[in-house]
1. Given the conditions (1) farther than 16 Å from residue 98 by Cβ; (2) acidic (Asp, Glu); (3) touching a Pro at 6+ places or on another chain (Cβ under 9 Å), and given that residue 61 satisfies all but one, which numbered condition is not satisfied?
2. Mind checking which residues of the range 28-52 are touching a Phe, Trp or Tyr at 6+ places or on another chain (Cβ under 6 Å) and either free of Cβ contacts under 8 Å to residues at least 24 places away in the same chain or among the basic types (Lys, Arg) (or both)?
3. Just to check your reading of the model, which residue among 35, 21 is over 20 Å from residue 77 (Cβ atoms), exposed (fewer than 10 other Cβ atoms within 10 Å of the Cβ) and of a type in the set (Ser, Thr, Tyr)?
4. Consider the range 48-90. How many of its residues are loosely packed, with under 10 Cβ neighbours inside 10 Å and within 27 Å of residue 22 (Cα to Cα)?
5. Within the chain, which helices (runs of 4 or more DSSP H) (wholly inside it) include 1 or more residues that are at pLDDT 90 or above and touching a Gly at 6+ places or on another chain (Cβ under 9 Å)?
Amino acid sequence: MHVPNNRRIRQHKRWFINNPYHIEVVTARAEPFLYYLYEQVKARNLPIELTLLPFVESSFDQFAHSHKGAAGLWQITAPTGKTFGLTIVLGTMADEILWPRHKRH
């Protein structure tokens, strides 16, 4: 896969090289979710790489919130979540953006 050589990519690459512990932390956070996410992605015939998207979006922190209002593993916004039928009750167990296993399929 061709990776462009631009300033932003170089900055991120440098950060990962200088912070090797981050991979260990994110791997530990991912463990409770990976198999479930893999099975859900596979069942829908989606690209398996989507299983790892939360590594980039939230560092597998299901409680991550962005300054733009996105939340959860995939950094989904409330309007996007509603579009896809997620129940959103901010900050509660009913919030399916934060608790992906609670969604019935």
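1. Of everything listed in (1) farther than 16 Å from residue 98 by Cβ; (2) acidic (Asp, Glu); (3) touching a Pro at 6+ places or on another chain (Cβ under 9 Å), residue 61 misses just condition (1).
2. 29, 51
3. Exactly one residue qualifies, and that residue is 21.
4. Final tally of qualifying residues: 3.
5. 53-57
The values are calculated or read from the model by the stated rules, or taken from the named source; none is laboratory data. All values reported here derive from a predicted model rather than from experimental measurement. Glycine gets a Cβ as well: all are built from the backbone with ideal geometry, and neighbour counts include every protein chain shown.
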